[in-house]
Amino acid sequence: MAATGIMEVIGRAERNKRDKRARIVAAARELFRTKGFEQTTTSEIAELADVGKGTLFFHAKSKDELLVMVFQEEMGRTIERAFATVPDAIPFIDQAMHVFDTMQRQNQRELELARIFAKELAFVRGDHHGIDAVTDVFFARMGELARRAQARGELKPWVDTFLLAYNLFALYFSFLIVWLGSGLPRPDPSRPSLRRMLELQLAGLTESQAPSARASNARRSADRR
């Protein structure tokens, strides 16, 4: 067979593989959303995707891995869209809120999926690569926004921007868990808003003295007493 013919065969096989994977992810997403994670079986996913169970397990070894695949596609796409549309000429706090608001709106649109992600992914068995791939993109992109804010003088030079990205995500995730656990369709306005939580975090980073220096001063004051 000529080289071009071999490449055409490989190309068709790869397209077929991608198509089956996409159908599997779409079927899993639909069933998780409508039936719930626990109630959905891999047999139902294979049937809706119109693939054999052997094909399904070629792409994902378990239902947990299918959930990770759905999360990677759903939230990965949302995070990419959020950072791609961040305005440049606004303060860092507003840039961070733009990202989190985009993620929040997606969670409100797909509330049942959001609850499944929050409940199940923390304890998922098997390969966490798909989860890490999504969160690593978030940390890198938020860290880059923080570095630019640092260059503009919004954040102090001693601030670890990568660690700040972790902290902001942790605040968002705790806010998300409280909201999803309330059973309400949107965050309770009587509770502290995410923006207020982020503002408190960032307020400490505008002080002129680094945390390590403040801690040293506090110890010296205690020693003198």
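The values are calculated or read from the model by the stated rules, or taken from the named source; none is laboratory data. This structure is a prediction, so every number in the text was calculated from the model and none was measured. Glycine gets a Cβ as well: all are built from the backbone with ideal geometry, and neighbour counts include every protein chain shown.
Brief remarks on what is shown
- Candidate set: the stretch 31-57, residues that are of a type in the set (D, E, K, R) and farther than 26 Å from residue 13 by Cα; chosen: the one nearest to the chain's Cα centre (by Cα): 33
- Per the listing 168, 163, 180, 111, the residue uniquely in the same structural domain as residue 68 (by TED's automatic domain parsing), buried (at least 19 other Cβ atoms within 10 Å of the Cβ) and either under 27 Å from residue 204 (Cα atoms) or of a type outside the set (Val, Ile, Thr) (or both) is 168.
- The residues of the stretch 30-83 that are among the polar types (S, T, N, Q) and within 23 Å of residue 101 (Cα to Cα), listed by number, are 72, 78.
- Selected residue [in the same structural domain as residue 124 (by TED's automatic domain parsing) and either surrounded by 12 or more Cβ atoms within 10 Å (Cβ to Cβ) or modelled with pLDDT under 95 (or both)] from 67, 31: 67
- Boolean, residue 60 is at pLDDT below 95, more than 20 Å from the chain's Cα centre (by Cα) and buried (at least 17 other Cβ atoms within 10 Å of the Cβ): yes
- Of all residues in the stretch 35-56, those satisfying the criterion of being without any contact (Cβ under 8 Å) to a residue 24 or more places away in the chain and among the β-branched types (Val, Ile, Thr) are 40, 41, 45.
- Residues that are in a helix (DSSP H, G or I), under 24 Å from residue 148 (Cβ atoms) and free of Cβ contacts under 8 Å to residues at least 12 places away in the same chain, drawn from the stretch 57-100: 77, 84, 94
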